[in-house]
Amino acid sequence: MAIQFDVKGGSLAASGAIFEGRTRVKGIIVNPGSGAGSVVLKDGATTILTIPTTSGSAGFGVTIPGDGIVFGSNVYATLANASVTVFYG
C-alpha cells in the first residue's frame, strides 16, 4: 500500500511559483486565454512539462499518472495566455 499525502492546490493567472520545496504534481487544470498559449512547469531552471493551448479552447484537466511528477526544488509555472491550477502533495 502506498503512502498517501495531503493534496493541496495553487492557482496562478500570471507566471510564478506554485510551491517552494520538494513535492509531487498530481494534476493540473489549464484555462486557455483568447489566443494560443502554453503552460510550462519548471523545477528550478529545468523545464519538466509543457502544455500547449489553442485559440478559443475550453479549460481542460491534465491527468498525471502514478504517484505524480517529482519536483525537487520548487514548482514554477510560466504562463503564456493561460491560467492554471496545480494540485500537488
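Scan the stretch 39-64 for residues that are under 20 Å from GLY9 (Cβ atoms) and either in a strand (DSSP E or B) or more than 14 Å from the chain's Cα centre (by Cα) (or both) and the total you get is 14. Being part of a strand (DSSP E or B) and touching a residue at least 24 places away in the same chain (Cβ under 8 Å) is a property that THR78 has.
Residues being hydroxyl-bearing (Ser, Thr, Tyr), open to solvent by 70 Å² or more (accessible area, probe 1.4 Å) and more than 17 Å from TYR88 (Cβ to Cβ): count how many of those fall in the stretch 17-46. Total meeting the criteria: 1. Taken over the stretch 1-16, residues that are open to solvent by less than 80 Å² (accessible area, probe 1.4 Å) and at pLDDT 95 or above amount to 6. Of all the residues in the stretch 65-78, those that are open to solvent by 30 Å² or more (accessible area, probe 1.4 Å) and under 18 Å from GLY9 (Cβ atoms) number 4. Of all the numbered requirements in (1) free of Cβ contacts under 8 Å to residues at least 24 places away in the same chain; (2) under 25 Å from PHE5 (Cα atoms), GLY61 misses one, and that requirement is (1).
The values are calculated or read from the model by the stated rules, or taken from the named source; none is laboratory data. What you are looking at is a predicted structure, and each value in this text was computed from that prediction instead of being measured. Glycine also receives a Cβ, built like all others from the backbone with ideal geometry; neighbour counts cover every protein chain displayed. Just the protein is used for accessible areas: all its heavy atoms, side chains included, with ligands, DNA and RNA removed. Shrake-Rupley method; radii C 1.70, N 1.55, O 1.52, S 1.80 Å.
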